[in-house]
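Here the structure comes first, spelled out in structure tokens, and everything after it is commentary.
Derivation of every value follows stated rules applied to the coordinates shown; laboratory data play no part. These numbers were taken from a predicted model, which means no experiment stands behind them. Every residue, glycine as well, gets a Cβ built from its backbone with ideal geometry; the counts of neighbours run over all protein chains shown.
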Amino acid sequence: MSDPKILTKRELNEKLKAQIDPTDPSQSPKRGGRMRGSPAVGPKPKNIRQTVFRLLSYMGVFKFALLFVALALIASTLMFLLVPFLFSFALDNHFLQFDFEGVYRIALIILFLALFNSMVRFFSRFVMARISQKVVKKLRSDAFDKLMKAPVSYYDEKGSGDIVSRISNDVELISNSLGQTVLEGINSSIVIVGAFFFMFYLNWMLALVVVAFLPIMVLFTVKISKKTRKGFKEQQIHLASLNGIIEENVSGLKTVKLYNQEEPFIEEFRDENDKLKRAGFMAQFFSGLIWPFIHFMNNLIFLTVIGVGAFLHLYLGAAFVTIGHIAGVSQYSRQFIMPISNLAQLFNALMQGIAGAERVFEIIDAESEYDADGEVSIDTLQGEIEFDDVTFGYDEDVLVLQDITFRAKKGELIAIVGPTGGGKTTTIKLLNRFYDVLSGSIKLDGIDVREMKKDELRKKIGVVLQDTHLFKGSVFDNIHYGDFDATKEEVLRASKLAGAHDFIVKLPKGYDTEIHEGGQNFSQGERQLISIARTILSDPDLLILDEATSNVDTRTEAKIQESMNLLMEGRTSIVIAHRLQTIQKADKILVIHKGRLIETGTHASLLEQKGFYHSLYQAQFE
Amino acid sequence: MRRLKQFTQWMKGQLHLYIIGMLLLFFLQYFRTLTPLFVQHIVDTVFANKPSALPAFIANLLIADTVQRQLLLVAVFSVAFALFRLTFVFVQRVIFAVFTERTAYNMRNTLYDRLQNLSFTYHSQADTGDLIQRTTTDVDTYRRFIGEQLVDVLRLLFLMVFAVYQMMLMNPRMTAISLAMSPIILVSALVYFAYVKKIFRRVEEAEGEMTTAVQENVTGNRVVKAFANERFEMEKFDKTSTKFREESMRLTKLMAFFWGGTDLLIFAQYALTASFGIYFAVMGTLDTGQFIAFLSLLGLIVWPLRQLGRIVGDFGKTTVALDRIDEIMAQESEHENDTTNTPDIQGHIRFENVTFQFVDDTKPLLKNVSFEVHPGETLAVIGKTGSGKSTLMNLMVRLLDNQEGRILFDGCDIKSINKKHLRKNVGIVLQEPFLYSKSVYENIGIIKRDVPKERIVDVANIARVHDDIEDFEAGYDTLVGERGVTLSGGQKQRLAIARMLLDTKPVLIFDDSLSAVDTETDIQIRRALYKHWQNTTVFIITHRITTAMEADKIIVLDQGEIIAQGTHETLLAEGGLYAELYHQQTKIAQEFEAHKGGDEDATI
């Protein structure tokens, strides 16, 4: 479970394997495999009706195609059900009368039906796959688009793992449900109903014999299915924790060796491995049981029908039971047993799909931060900042900032200092409206930020953080991210200004070097330089900087500082300051402690006050 | 031959189970092909008095004087027969389940043992994810192969062989006709499954790209928003999701054509068999019952053919997995041929012209390093990143072995000392300590698992981490590590020091292990430590001059060589790199923040 990507790949594999042909009897032993592939699902769907209707509305565009598929499928299944009937008819009316012309005629009809049937299946499967993929793509796009518009607080609340899993795994679940469950479901139900009908139509006495076996069949298959699912679920859980143990110990191997801890950890592993073995056995055992059982029942019913039929034929005579009846009913009895055991599983798959859809709809229904957007368009910002009695808390009960008031004039450098966890970072998050104030107001150039258009506001505010996020793609693309309208020359210029150019050209592929997910193939310092270049390119009117604190070597540190200085020139800047140089240069220092602005002033004036800043300064810099 | 050995080596001790299972499987398939013959028996023998296709030992049991009695016999017998088959299928399943799970269990244990005991050199070059995959996914591939795929293939093969055998006994000419399409179906299945694998991979890749796009946007959503690039990201995502859809559609098409096409072939086969069957029946060369039996037996052959193609296509995966597993097994355990020499270690350490180089490296990491430390002394090793400081430490606990020169502990070459013993006597605190997904208690007590809790609180106090722990929601019971609370670098380092304090060791190494702790706490901790470890030889590896300067002796490393050694005063007087570093750092120290262990996650 630790690696979501591996899991989805395997799930996909399983899914596609299972998708190969749901109606092909030769695939029967693979059922167990499909159940294994189904991911561990969370809570059951809450509002089935509503979710189903909503899914249907997504499919609405394809209603004619869907109708066609459904009708064609019903028709073809019914026709296929005719085969044993025809067979039985041929046996009684032609074969036993040695009327071989009649036999050939019927054989031809059967052949034609089979042909037609497989064509229809082919097309309906095809059309259904197309529809389900289109629907799923639409769902996925809708969810992703909403995600892009969701406020930052949404991400805080849900956690990235959950969101990613909804868009990848849950959507796949829906696609599964739509694509095959529906088809298979229609098919199975018709086969069951149709087979019953024809059996009774042919010979009610023989049909009753078949029906008598039904309760045992259903009872057993449902029971075994349940056990199997439980087994596979347990197997998954133990496999996941086993993976966890290995991962932890391989990555912490140095520690294991240094502390001579090989033996205890091997013991731990053995315990978990043992549990996995047991769970695996149960899963295999039960999943292996279901098909032999069904085969057995199939044979039993088949033979019973023949046996009873033969007796009735002999004792009651051909008027009551013909040879053809025996042949027909015995064949029908084989056809509807598999669909019955299928239906139980299909129902589960359907529920999983609906539960998945519910989780995806939750994203689609999330609030968009642009719904209640401001009206004021922003072309340029002068950079006058006013904080008036700003109070904020992520949770309304726990205030992180209280009554923060300060002003910054155009081009000024504001340094925020204070102990960690005091609210420094939160202050700057309010400025570009990642969060909105609870009370008080923040004004830029005299306009409340809440009245401004969010995206335009954010474009005008540049943010450089300690730990920067880079995207998968080339170095060039990542800098270009700051302004997609920029030319190649402008990108290079920004990179040079940021001091990133030098190290980039030394890379094996220069600007075309690929950045891996999360930028792990670059050092933190390099990532920061790239992100500064990105911000320079975006040419913001107002800057928010968070100075580096650690893990950067001295030389890179100096370089970063240099580029940051360059970036701040002529722009109003708010810096979470860690360096003496910045603080000394600042036009104004805000000392934030426990969510309150406790001191304001310049370096010199604050030192003179001999207040909190003074002691902070002494502890940190002397 | 090599493959066979590779394949069977994991079954040792269980092979008999597998063979029994296979034998059962073999007979079961034979019995399965008898079922259609019962119908033949009824139609032909009971009603028409023609020869039965059932083997004599069964047919003889079904002889009776009246038709009614015969029918009753057949009915009773066939039910009993079905029950008999069910029982054996059941037994066979249990045998295979026991066998495969045991095999996989042993395999995982063996691999994990091996992994734990492989040398550090191996691990430093191996990729963690890859190793995990070998111990779980590759084992699972093999497990599925022996437990499912191979069993399936053999089952189908046995079934087909017996089905053909039964057909041949009845009518060879009809048999040939009934098998006419089989080669085409089989070949098309083999070709299809070989080809579709490629498409599968492309679908997987497309899906991977799409998932990455989501993942990235979720983790980097603040950046997307900060640049107001939502629109761009939506379009980017749309591209990846369209590609995924197109690839899946291609796969779907391919599948539809294959399954649809082979369906047609199979029906054609049925038609062929049926027409000829009727013709032969008319001619009198085929009995009615035989005809029905042929149609049933045909089903046993043609439907599974496609599946056979799929399973055969998967064979390759298993050999790849086994090769990957064997790669691990081929590595030698570092404890396998270790000495049993466990001398008493006092802490007198001497390096004599020690040189170390990774085999595939062009430059040595350490070159001609010589120095000496006496018991109870403190030695500081200072140098820039990449100067060889950590290699020095790794050599002392034999995570790595030096190629040239000698390292002597109390006059004894460490290569002649048992590794585990050596590590027991040398304590190391790493720069980035590893925490297990266990409670804080367990993490501190990892070396001595049965130490009382008071002792743990004690050492946490000395390491100045007690207050931090008390601040956690569940205190000492808080779960840390990958699946628990994330600690700051400084907290981790202090926790690791606490671990070390549970024991007294003759030699202790601090590998830059206070780098994330602020200078003041650093000094406090070190003072406390010196008191605790008065008789211990202490190595301090650092790039912080203030940490190094109090040591009895300082070694300056640069590019693997000792360029100077002495005390703080002598080195400063000498000038050179040490003095340079000193001036650089004191200058930085003046303006640099001190709360390096700052815990606020500055993420906007």
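Peptide A:239-250 shows a mean partner chain C-beta count of 6 within 10 Å per residue C-beta.
Two decimals is fine: what's Rg over Rh for the protein assembly as shown, C-alpha atoms, Kirkwood radius as Rh? Reported Rg/Rh, Kirkwood definition of Rh: 1.06. What the Cα convex hull of segment A:198-307 gives, in volume per residue, is 93 Å³.
Taking each residue as 0.36 nm, the span from A:Glu101 to A:Ser474 lengthens on full extension beyond its C-alpha to C-alpha distance by 126.9 nm.
Projecting label points 7 angstrom from Cα along Cα→Cβ for B:Thr504 and B:Val320 puts them 5.7 nm apart. Taking a point 7 Å from the Cα of A:Asp587 along the Cα-to-Cβ direction, the residues of segment A:407-450 with backbone N closer than 12 Å to it are A:407-415. In the structure shown, the pairs A:Lys424/A:Lys588; A:Lys460/B:Lys239; A:Lys254/A:Lys277; A:Lys138/B:Lys236; A:Lys233/B:Lys12; B:Lys363/B:Lys384 are assessed against 21 Å; a Cα-Cα span above that value is assigned to A:Lys460/B:Lys239; A:Lys254/A:Lys277; A:Lys233/B:Lys12.
For segment B:172-285, the relative contact order is 49 percent, taking Cα pairs closer than 8 Å that sit 6 or more residues apart in sequence and dividing their mean separation by the residue count.
Converting the Cα gyration tensor eigenvalues of segment B:172-285 into ellipsoid dimensions via √(5λ) gives semi-axes, longest first, of 55, 12, 7 Å. Inter-chain Cβ neighbour count for A:113-119, averaged per residue, equals 4 (cutoff 10 Å, partner chain atoms only). Given R₀ = 25 Å, FRET efficiency for B:Gln584-B:His532 by Cβ-Cβ distance, to 0.05? After rounding, the FRET efficiency stands at 0.20. Summing Cβ point charges (Lys, Arg +1; Asp, Glu -1) relative to the Cα centre of the protein assembly as shown gives a dipole of roughly 5620 debye. Between B:Asp450 and B:Arg173, the contour length at 0.36 nm per residue exceeds the Cα-Cα span by 91.8 nm. Scanning residues 5 or more positions from B:Ile540 or on other chains, those with amide H under 5 Å from its amide H are B:Leu379, B:Ala380, B:Val381, B:Phe510, with H placed 1.01 Å from N in the peptide plane.
Of the DSSP H helices in chain A, those that are both long (alpha-carbon extent of 20 Å or more along the helix axis) and hydrophobic (Kyte-Doolittle mean at least 1.0) are A:63-90, A:182-202.
The Kirkwood radius of segment B:223-330, taken over pairs of alpha-carbon atoms, gives through the Stokes-Einstein law at 10 °C and 1.306 mPa s a diffusion coefficient of 81 µm² s⁻¹. Placing dummy labels 7 Å off each Cα toward the beta-carbon, the span from B:Lys253 to B:Asp467 is 6.9 nm.
Under 20 Å from a point 7 Å along the Cα-to-Cβ line of A:Lys496: which residues of segment A:567-581 have their amide N that close? In segment A:567-581, the label zone of A:Lys496 (backbone N under 20 Å from the point 7 Å along Cα→Cβ) covers A:567-569. Among the listed pairs A:Lys146/B:Lys253; B:Lys367/B:Lys389; A:Lys46/A:Lys230, which have their C-alpha atoms separated by more than 20 angstrom in this model? Flagged as over cut-off: A:Lys146/B:Lys253; A:Lys46/A:Lys230.
Orientation-averaged projection of chain A equals 38.7 nm² [convex hull of Cα atoms, one quarter of hull surface area]. Centroid-to-centroid, using Cα positions, segment B:107-159 and segment A:424-491 are 48 Å apart. Would you mind pulling out the separation of the Cα centroids of segment A:68-83 and segment B:463-480, in Å? Centre-to-centre (Cα) distance: 67 Å. Across peptide B:111-118, the average count of Cβ atoms from other chains found within 10 Å of a residue's Cβ is 5. Between A:Glu608 and B:Phe371, the FRET efficiency from the beta-carbon distance, with R0 = 45 Å, is close to 0.30.
Here the residues B:Ile146, A:Ile530, ranked from fewest to most Cβ neighbours within 10 Å of their Cβ, fall in the order B:Ile146, A:Ile530. In terms of packing, defined here as the mean over residues of other Cβ atoms within 10 angstrom, the peptides B:4-12, B:573-581, A:570-578 line up highest first as A:570-578, B:573-581, B:4-12. The chymotrypsin sites (Phe, Trp or Tyr not before Pro) of segment A:59-147 that meet both conditions, a loop assignment by DSSP and at most 12 other Cβ atoms within 10 Å of the site Cβ, are A:Phe98. Taking only the C-alpha atoms of chain B, the Rg (one decimal) and the largest Cα-Cα distance, Dmax (whole number), read 36.8, 121 Å. In plain terms, the residue of B:Tyr192, A:Tyr613 with the fewest other Cβ atoms within 10 Å comes first and the most crowded comes last, giving B:Tyr192, A:Tyr613. With contributions of -39500 (n - 2.57) from each DSSP H run of at least four residues, the per-residue ellipticity at 222 nm computed over chain B stands at -19500 deg cm²/dmol. Between the C-alpha center of segment B:536-577 and that of segment A:219-233 there is a gap of 68 Å. For segment A:385-621, the Kirkwood hydrodynamic radius comes to 18.6 Å, computed from all pairs of different C-alpha atoms. Approximating the spin labels as points 7 Å out from Cα along Cα→Cβ, the B:Tyr195-to-A:Phe112 distance works out to 3.2 nm.
Charging the Cβ of each Asp and Glu at -1 and of each Lys and Arg at +1, and nothing else, the dipole of segment A:390-507 about its Cα centre rounds to 360 debye.
The B:Thr567 and A:Leu566 beta-carbon pair, evaluated with R₀ = 60 Å, returns a calculated FRET efficiency of approximately 0.90.
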